[in-house]
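Chemist: This is the structure I want to talk about, given as C-alpha cells.
The values are calculated or read from the model by the stated rules, or taken from the named source; none is laboratory data. Just so it is clear, the structure is predicted and the values come from calculations on it, not from any experiment. Here the Cβ positions follow ideal geometry from the backbone for every residue, glycine too, while neighbour counts run over all protein chains shown. All accessible areas refer to the heavy atoms of the entire protein, side chains included, with ligands and DNA or RNA removed. Shrake-Rupley method; radii C 1.70, N 1.55, O 1.52, S 1.80 Å.
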Amino acid sequence: MTKEEMQQKLFALSNGEVEEIIIPKDEFMIFLEAWNQHPEKNNVIGEAGLGGNVVYRRKTRE
C-alpha cells in the first residue's frame, strides 16, 4: 500500500466514513509516515492486535 492510500484511509476514518482501519505490521512504517502528516492525528488511537497488526479508531469524544 502506498502513502497516498494510507492518507485516504486516514481521512475516511477521521470523516467517519469507516469505523476502523487495520494496518498490518509490514505496512506500519508507511502508515506512520502518513499519520505523522495527518492534521487529525491526535484524534486517532491505535490498539495493538495479534500478530503485530494495529487497529486504528477515532477517539471518542466524552
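Chemist: If you take the alpha carbon radius of gyration of the chain and divide it by 2.2 N^0.38 Å, what ratio comes out, to two decimals?
Modeler: Its radius of gyration relative to the 2.2 N^0.38 Å reference: 1.02.
Chemist: So, one more: If you roll a 1.4 Å probe over the chain with all protein chains in place, what percent of the accessible area is carbon or sulfur?
Modeler: 50 percent
Chemist: Suppose a student asked you for the relative contact order of the chain, using Cα pairs under 8 Å spaced at least 6 residues apart; what percent would you report?
Modeler: That works out to 38 percent.
Chemist: Something else about it: Under a Cβ-only charge scheme (Lys and Arg +1, Asp and Glu -1), can you give me the dipole magnitude of the range 2-43 about the Cα centre, in debye to the nearest 20?
Modeler: Around 140 debye, computed over the range 2-43.
Chemist: OK, next. Between ASN53 and MET29, what is the label-to-label distance in nm when each label sits 7 Å out along the Cα-to-Cβ direction?
Modeler: 2.2 nm
Chemist: Let me ask something else about it. With every protein chain present, what is the per residue accessible area of the range 1-51 (1.4 Å probe, Å²)?
Modeler: In whole numbers, the range 1-51 has 68 Å² accessible per residue.
Chemist: Summing +1 for each Lys or Arg and -1 for each Asp or Glu, what net charge is found among the other residues whose Cβ lies under 11 Å from the Cβ of ASN53?
Modeler: Result for the local shell: -2.
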